[in-house]
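Readers should treat all values here as calculations from the given coordinates under stated rules, not as data from a laboratory. Only a predicted model underlies this, so the values are computations on that prediction, with no experimental measurement involved. Please note: Cβ atoms are built from the backbone with ideal geometry, for glycine as well, and neighbour counts cover all protein chains shown.
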Amino acid sequence: MSRGRHPGREINGWLVIHKPVEMTSARAVAVVKRITQAAKVGHGGTLDPFSEGLLPMALGKATKRLGQVLDGDKSYRCWIRFGSETDSGDPTGRVTERTDQVPDRAALEVALQRFVGTQEQIPPAFSAIHVGGVRAYELARRGEAVVMPPRSVVIHSLDLEAYEAGLAQVFVRCGKGTYMRALARDLGRHLGCLAHLERLLRTGTLGFSLEEGITLERLSQAVEENSLSLLLLPVDRVLDDIPVPRPQTAF
């Protein structure tokens with residue numbers, strides 16, 4: 001007679017995880033579930049393996065709020081490398097074209113403002129979007145041509161924090177569904193050169209900030225010390241940052 005799987009612990013709330021580089025978001029969820037032994041764990045928005053930063057984890061009843069986090073605004077610190085494009089739009093891909101041309105700082109600052117506001121953005125071929133029932137990245141990895149339809153996105157602000165030797169550090173505030181790899185690609189093409197996203201750090205998402213982030217090592221230590229409750233944020237935490245519509249006054 002086989003034994004059933006242990007249902008896991010009833011843990012409700014949020015953990016603000018700082019995902020490390022070279023770990024998938026799904027793997028991060030598995031690690032959190034293993035460390036906490038929680039019955040239910042989900043994450044609030046995928047980060048690519050090469051990226052790092054804020055990855056909110058919903059435990060138990062908090063998983064019902066994941067849609068609100070996914071639909072919320074995000075903030076990122078992007079490092080954009082000019083002079084080459086890759087097929088994936090990031091440093092993990094194959095370089096498809098190079099150029100010796102890189103923009104000067106003045107031209108870059110002007111170009112960044114061109115991408116502020118609502119616009120149509122074509123997602124990268126190496127993305128998890130379904131195309132004909134198949135993930136786009138699966139088709140791209142097989143070398144098949146992938147036609148990605150544009151989607152409407154909004155970028156609230158783009159601030160150039162540093163620029164040297166063809167590498168720009170840009171702070172981005174944007175709405176849901178905005179691809180930083182596509183932004184880097186389009187920025188390079190707009191400037192008449194090429195670019196790809198070299199590094200990405202997510203610093204904020206609805207209700208959470210990177211300053212609150214904890215490493216997986218810190219989480220493991222807290223569980224060993226029976227102090228998980230000190231790291232766990234309440235289920236309704238995300239509601240604090242959802243705008244409440246003002247009631248309309250009848251005249």
Find, among the trypsin sites (Lys or Arg not before Pro) in the stretch 19-118, those assigned to loop by DSSP (not H, G, I, E, B) with at most 11 other beta-carbon atoms within 10 angstrom. ARG94
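Can you put VAL172, VAL110 in order of Cβ neighbours within 10 angstrom, beginning with the fewest?
On the way: VAL172 23, VAL110 11.
Going from sparsest to densest Cβ surroundings: VAL110, VAL172.
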